[in-house]
1. Suppose we filter ARG49, ARG5 for residues that are more than 21 Å from the chain's Cα centre (by Cα) and modelled with pLDDT of 70 or more; which single one remains?
2. On the given criteria, is HIS173 more than 17 Å from the chain's Cα centre (by Cα) and free of Cβ contacts under 8 Å to residues at least 24 places away in the same chain?
3. May I ask you to say which residue of THR299, THR230 is in contact (Cβ under 8 Å) with a residue 40 or more places away in the chain and out of contact with any helix residue (DSSP H, G or I) (no Cβ under 9 Å at 6 or more places or on another chain)?
4. Name every residue in the range 128-152 that is modelled with pLDDT under 80, of a type in the set (D, E, K, R) and buried (at least 18 other Cβ atoms within 10 Å of the Cβ), in order of residue number.
5. Anything in the range 142-170 that is more than 21 Å from the chain's Cα centre (by Cα) and part of a loop (DSSP other than H, G, I, E, B)? List them, or say none.
6. Counting only residues that are buried (at least 16 other Cβ atoms within 10 Å of the Cβ) and closer than 24 Å to LEU156 by Cβ, which one in the range 226-262 is nearest to the chain's Cα centre (by Cα)?
7. Just the residues that are closer than 17 Å to GLY193 by Cβ, of a type in the set (Gly, Ala, Ser) and surrounded by fewer than 17 Cβ atoms within 10 Å (Cβ to Cβ), please, taken from the range 266-306.
Amino acid sequence: MDPGRAGPAGPHAGRPEGPAARLGADDVVTRLGPGCRLDLVLEPDRAARWPDLAVVPLRGDPPLVLVAARAEEGPGAFLRTRGTFRLEGTDAAGRAVAARCEAAGSTVTGGAAVVVARVLEGTGPPEPADARSGVGVPAWITTGEEAHRRARELVLLRHYLPDTTVEPDELAHDLRSDPGTTAYAMTRLSADGLVRRDPLRGYVVVPLDVRESDATFDARCAIEVGVLETSLHRVADHHLTALRGSYDGMARELVGDRFVDFERYLEANVAFHREVVGLGGSAPLVDAFGHLGIKEVMTRSFGWTTRSSQSFLEVQGRMLAGIERRDLPAAREATVAYRDLAKQRVRTILGLTGGRL
């Protein structure tokens, strides 16, 4: 990835720029969520620019940001980023946002070159953008579903850190919602597996670590391989229709190494693997798959950024092709390869966040 020259002809030139305010580090991090399109610009002379990078904000003390480029694109100079730099671009609503950062280190992991930096200050809109609708956070949330969706984003973006208590009054303030709506959101977070009810501490954010993510993906793989080994030879053609439909749904939402809509991709992904398990004709196995917590683990890892890789789609395509041909070795190999890719994806993030999300 060779840097381009900085200047008005950059990829974000001409995009709408809403009113900007000076922001402290904690507030800047809340503006760098899903849907942002950001360039890294070197300081002080702005002589180099890496466009449209994957950026993962990490709330904490101090607030951090992970800036990632694909390793195969030759990121030597990118990895040597030192001192201060700026992230410049737009949020999910197309409003101008910028962050001044200080590089703290760099690494190559999971096929990505990653710079870890402390967030110092920045500018941006008065309110964070909503990544789905492309508008500012509403002044007051009145529906339970909207409160649940927004509360889920706050947990996943580490507004509430792992193994910390989420106080109902604090969540109500952050959601701008009434107590009843907030209680509904908290109950849904518990059902999602994102928080748990502790008899002494109240609602606590459930941490995700390597052991949990590995166990989840290992369990999915074991169930799927078991189904393939016992049932693939007797799968009828009409059983594959839903499987092909779910795969096509994933393909529509992952284009050019970028998620078009992560939530739709995730729904199609879970449906695809549920259909694989369903080929065995065992309701208890399908029920066991449903209790693995796959959606929560993938949301915290795959869902951190709009960037992804066609390799995930390619290996699941090999699974589908093997199943359609009733080729057990090919289907089994692809299933194991997808497990390994998924585990590495989580490790890439966890390795840079102290081992927990």
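The values are calculated or read from the model by the stated rules, or taken from the named source; none is laboratory data. Computed from a predicted model, the values in this text were never measured in an experiment. FYI the Cβ positions are ideal-geometry reconstructions off the backbone, even for glycines, and counts take in every protein chain you see.
1. It is ARG49.
2. When the stated conditions are applied, HIS173 passes them.
3. Only one candidate qualifies: THR230.
4. ASP130 - this is the single residue of the range 128-152 that is modelled with pLDDT under 80, of a type in the set (D, E, K, R) and buried (at least 18 other Cβ atoms within 10 Å of the Cβ).
5. Correct list: THR142, THR143, VAL166, GLU167.
6. Only one residue fits best here, namely PHE262.
7. Within the range 266-306, ALA288, GLY290 meet the criteria.
Conditions tested, residue by residue: (1) without any contact (Cβ under 8 Å) to a residue 40 or more places away in the chain; (2) not hydrophobic (A, V, I, L, M, F, W, C).
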{"position": "GLU275", "(1), (2)": "yes, yes"}
{"position": "LEU292", "(1), (2)": "no, no"}
{"position": "SER308", "(1), (2)": "no, yes"}
{"position": "GLN316", "(1), (2)": "no, yes"}
{"position": "ALA330", "(1), (2)": "yes, no"}
{"position": "VAL336", "(1), (2)": "no, no"}
{"position": "THR348", "(1), (2)": "no, yes"}
